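Colleague: Got a structure here, written out as C-alpha cells. Questions coming.
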Amino acid sequence: MEKSEKLANTAIAAALREGAEYADVRIVSRRFEMLELDNGAVQIFDNTRSSGFGVRVLCGGVWGFDCSPLLNESEAKKIGRNAALLAKACSKLTKKKIKLLPVKPVRAYWAAKVKIDPFKVPLKQKLDFLRGLSAKAFSFPQVKNLHGGMDFESEHKVFASSEGSFIVQDLLYSAVGYLLNVDNGDGAIPITFNSEYPPWGWNGNYHGMGYETVNERQLKSGIAASVEKGLSLLSDMKEATTCPTGIIDCIGGLDIHHFAGHPIELDRINGAETNFAGTTFIKTDDLGKLKIGSKLINLEVNGNTVVRHRPKKDFGKYWKYFEIIQNKGDIYSPANYGYDDEGVPAKRLDIIQKGVLLRCLNSRETAQEAGQEYLTASMRAHGWNRPPIIRMHNMHIVPGTTSVRKLIESTERGLIIGPPIPGMGAVWEVTQSRDRSKSVAPLGLSWEIKNGKIIRPVKGGIRSYEPLQLWKSVDAVCDEEVSTLDIVRCGKGQPHQSVVTFHRSSIFRQKNGVIE
C-alpha cells in the first residue's frame, strides 16, 4: 500500500507542477480466469493478468488523461505530466471550463464478501466439478449436450486524488453455470441454469462472491429441474396455438437496463453517446416532474446489494414461465463496490418514486453543471487504461405486495410473455432515443390466461410498446417470491468499456398491452 500511495502521489505532484487544478490516479491489477467444457472436454481455458495505472487531470478547466503499464516513479512523473500537458493543450480549443462538485476526502478500504479465493482453488478441482456436472446430466437420456463453465475476475484498485482521498478496494466476480440441450425425440431446446441465454453467458451469472458460488448440491439438483423444464417447454411448443391479438394484459419482467438505466445517464442526456449507443428521451428539466411509470413503480440504485433469496417450496413451478432466480441463499451483486472511480461513496438512492423520475446517474462534473447537490457514485472505468465514465451499477425495481399466484388469478384476459427461446425467431429492437421498443417477428413461447387460469401455450404475435406507456400502465408488481435477475456486461464509451451491471425486478402486469 505504501508503494502504491507513493506512486500515486508522484503522478499527482507532477500534474500539479504543470498547473493542474485537480488530479486523480487509479492503480489497477486485474486477474481473469475462464474455463469452458463441452461434454466434459475442455474447450477454453484462459488465465490472464493486467496491471497499470491511469492519471486523470483537470487543467485549464479541461480533462486530460494518460496511462501506463509500468508501475514505477519515473513513469508516474511522466504520465502525470503528460496528462496535464494534454489538458492544457485542449483548453485552448474550448471556452467551456469544467468544474467539479466538491466532495470530502476519504481514506478507506473496501472488499467484496469472499469466503474462498477462486484463484487458490486447484484447476483439477474445477475440472472435476464441471466433468461431474456432465456425468450427472448424461444420466438423463434426454440430455444430448452440456456446456458448463466458470469465470472468475478479481480487481485490486487504488484511488488517490489531489484533494487527499486514498481508497483501496478488492473486487471479485465469480460465475458458474451451464447450458444443456434437452431432446424429446420430436425436437430439442437449450436450457440454462444459473445463467442467461446466449450471448450473455453460458458460464453463469456473475456474483460478487468467491468460489463458494460453486454450490455443488444446487447445481447438480438443478439438472433434473432443467430437464423437466425442457421437456415441459417442448411439449408446450408442440401444442402451442396462434397467439391472440388485440388489447390484452401482459405479464413479465420490466426492462430496467435499456429504459431506466441508459436513458438517465447524465452524460448521455448531455449528448455524449449520440454517435455510438444512442441518445435518450430524458431531459434534465424532467427530474422531479416527469411521470415515467404508474404509482407502483419505484426504482432505486444501491451501491451494495444483497439478494436474500428464500423462495417458497412451490416457486419452481414458475420457472417455466419466467427466467427467475434459481439458486437459494444470499446473492451478492457483482456490481457492488464501496466507492466509485471518483472516490464517491456508494449508497442507496431513490431514482423513481411512485412513478416520478427524481434523479439521474451523474458524475462530479455533470452534477456541478446541472446544479445537482447529490452524487450517485456512478463513475466507473474498465481497467487502468480508460478514464471513468457514468455507468449503471445496481439498479432495482422495489418489490410490490402481490404474489404471482394472486396476479394470475386476478387476470381476466392476459398473456404471460415467456423468456426468449433460441431458434424461435424473437427479435428485439430499440430506437435511437430509447423511447420505443418492438418485438419484431413472432414472440417466443407465451401462455394465455382467461378468468384467472393459464389455459394454453401460444406462439406468434408481435408486441410493440413505448416504454413510458408500458411503465405507466403497470397495475401490479409482485413480491420477492419470484424475482428476475438481469446481470449484463454492458458496453459504453469510445474507446469501448465493458462493466458488470446488476438489476433485480419482480414480475409485473401491464394493463391493456397491445399484441399485433
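Colleague: Does Arg81 satisfy being within 28 Å of the chain's Cα centre (by Cα), in contact (Cβ under 8 Å) with a residue 40 or more places away in the chain and under 18 Å from Pro387 (Cβ atoms)? Talk me through it step by step, then tell me what you get.
Modeller: Values: within 28 Å of the chain's Cα centre (by Cα): no; in contact (Cβ under 8 Å) with a residue 40 or more places away in the chain: yes; under 18 Å from Pro387 (Cβ atoms): yes.
No.
Colleague: May I pose another question? Looking only at region 267-283, count how many residues are among the hydroxyl-bearing types (Ser, Thr, Tyr) and surrounded by 15 or more Cβ atoms within 10 Å (Cβ to Cβ).
Modeller: As a first pass, look at region 267-283 and keep what is among the hydroxyl-bearing types (Ser, Thr, Tyr): 274, 279-280.
Then keep just the ones that are surrounded by 15 or more Cβ atoms within 10 Å (Cβ to Cβ); that gives 279-280.
The qualifying residues number 2.
Colleague: Taking Ala111, is it within 28 Å of Thr305 (Cα to Cα) and loosely packed, with under 14 Cβ neighbours inside 10 Å?
Modeller: Values: within 28 Å of Thr305 (Cα to Cα): yes; loosely packed, with under 14 Cβ neighbours inside 10 Å: yes.
So Ala111 fits the description; yes.
Colleague: Looking at Phe119, Phe140, Phe159 in this structure, which one is closer than 25 Å to Asp183 by Cα and touching a residue at least 24 places away in the same chain (Cβ under 8 Å)? Before you say what the answer is, go through the steps one by one.
Modeller: Values: Phe119 fails: closer than 25 Å to Asp183 by Cα; Phe159 fails: closer than 25 Å to Asp183 by Cα.
Testing whether each residue is closer than 25 Å to Asp183 by Cα and touching a residue at least 24 places away in the same chain (Cβ under 8 Å) leaves just Phe140.
Colleague: Could you look through region 446-497, keep only residues that are in contact (Cβ under 8 Å) with a residue 60 or more places away in the chain and among the polar types (S, T, N, Q), and pick out the one that is farthest from Ser294 (Cα to Cα)?
Modeller: Gln494
Colleague: Are any residues in region 50-68 in contact with a Phe, Trp or Tyr (Cβ under 8 Å, 6 or more places away or on another chain) and not polar (S, T, N, Q), and if so, which ones?
Modeller: Kept after step one, since they are in contact with a Phe, Trp or Tyr (Cβ under 8 Å, 6 or more places away or on another chain), are these residues of region 50-68: 50-58, 67-68.
If the condition is that a residue be in contact with a Phe, Trp or Tyr (Cβ under 8 Å, 6 or more places away or on another chain) and not polar (S, T, N, Q), then Gly52, Phe53, Gly54, Val55, Arg56, Val57, Leu58, Cys67 are the ones that fit.
Colleague: Please determine, by comparing only the residues of region 5-31 that are hydrophobic (A, V, I, L, M, F, W, C), outside any helix (DSSP H, G or I) and touching a helix residue (DSSP H, G or I) at 6+ places or on another chain (Cβ under 8 Å), which one is surrounded by the most Cβ atoms within 10 Å (Cβ to Cβ). First the steps, then the outcome.
Modeller: Initial filter on region 5-31 (hydrophobic (A, V, I, L, M, F, W, C)): 7-8, 11-16, 20, 23, 25, 27-28.
Of the ones still in play, those that are also outside any helix (DSSP H, G or I) are 20, 23, 25, 27-28.
Pick out the ones that are also touching a helix residue (DSSP H, G or I) at 6+ places or on another chain (Cβ under 8 Å) and you get 20, 23, 25, 27.
Values: Ala20: 26, Ala23: 27, Val25: 30, Ile27: 24.
Selected residue: Val25.
Colleague: Residues Pro419, Pro387: which one is at pLDDT 90 or above, crowded, with 16+ Cβ neighbours inside 10 Å and of a type outside the set (Ser, Thr, Tyr)?
Modeller: Sole residue among the options that is at pLDDT 90 or above, crowded, with 16+ Cβ neighbours inside 10 Å and of a type outside the set (Ser, Thr, Tyr): Pro387.
Colleague: Just to check your reading of the model, which residue among Asp236, Asp267 is modelled with pLDDT of 90 or more, under 30 Å from Pro388 (Cα atoms) and not in a loop (DSSP other than H, G, I, E, B)? Please lay out each step first, then the result.
Modeller: Numbers: Asp236 fails: under 30 Å from Pro388 (Cα atoms).
Checking each option against the conditions leaves just Asp267.
Colleague: Next question, about the same structure. Under 8 Å between Cβ atoms, at least 6 apart or on separate chains: pull out the pairs that start in region 11-25 with a residue that is free of Cβ contacts under 8 Å to residues at least 24 places away in the same chain and end on any residue that is of a type in the set (Phe, Trp, Tyr).
Modeller: Within 8 Å, no pair qualifies.
Colleague: Looking at region 399-414, is at least one residue modelled with pLDDT of 90 or more, of a type in the set (Asp, Glu) and outside the structural domain of Leu71 (by TED's automatic domain parsing)?
Modeller: Yes - at least one qualifying residue is present in region 399-414.
Residues are listed down the side, and each one gets a yes or a no for (1) touching a strand residue (DSSP E or B) at 6+ places or on another chain (Cβ under 8 Å); (2) polar (S, T, N, Q); (3) outside any strand (DSSP E or B):
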| residue | (1), (2), (3) |
| --- | --- |
| Tyr109 | yes, no, no |
| Lys115 | no, no, yes |
| Lys126 | yes, no, yes |
| Leu133 | yes, no, yes |
| Asp151 | yes, no, no |
| Phe159 | yes, no, no |
| Gln169 | yes, yes, no |
| Val176 | yes, no, no |
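Colleague: To continue, here is another question. Give me the residue from region 120-134 that is surrounded by 14 or more Cβ atoms within 10 Å (Cβ to Cβ) and hydrophobic (A, V, I, L, M, F, W, C) and, out of that set, nearest to Ala225 (Cα to Cα). Let's see the steps before the verdict.
Modeller: At the first step, the residues of region 120-134 found to be surrounded by 14 or more Cβ atoms within 10 Å (Cβ to Cβ) are 121, 126-127, 129-134.
Then drop every residue that is not hydrophobic (A, V, I, L, M, F, W, C), which leaves 121, 127, 129-130, 133.
On the way: Val121: 28, Leu127: 23, Phe129: 19, Leu130: 18, Leu133: 13 Å.
The qualifying residue nearest to Ala225 (Cα to Cα) is Leu133.
Colleague: Name every residue in region 358-384 that is out of contact with any Ser or Thr (no Cβ under 7 Å at 6 or more places or on another chain) and either modelled with pLDDT under 95 or surrounded by fewer than 19 Cβ atoms within 10 Å (Cβ to Cβ) (or both), in order of residue number.
Modeller: Leu358, Gln368, Glu369, Gly371, Gln372, Glu373, Tyr374
Colleague: Within region 191-206, is there a residue that is at pLDDT below 85, crowded, with 23+ Cβ neighbours inside 10 Å, within 30 Å of Arg56 (Cα to Cα) and not assigned by TED's automatic domain parsing to the domain that holds Asn304?
Modeller: Taking every residue of region 191-206 in turn, at least one turns out to be at pLDDT below 85, crowded, with 23+ Cβ neighbours inside 10 Å, within 30 Å of Arg56 (Cα to Cα) and not assigned by TED's automatic domain parsing to the domain that holds Asn304.
Colleague: Just to check your reading of the model, which residue among Ile247, Ile251 is out of contact with any helix residue (DSSP H, G or I) (no Cβ under 6 Å at 6 or more places or on another chain), modelled with pLDDT of 85 or more and surrounded by 22 or more Cβ atoms within 10 Å (Cβ to Cβ)?
Modeller: Values: Ile247 fails: surrounded by 22 or more Cβ atoms within 10 Å (Cβ to Cβ).
Answer to the selection: Ile251.
The values are calculated or read from the model by the stated rules, or taken from the named source; none is laboratory data. These figures come from a predicted structure and were not determined experimentally. Positions of Cβ are backbone-derived with ideal geometry, glycine not excepted, and every protein chain shown enters the neighbour counts.
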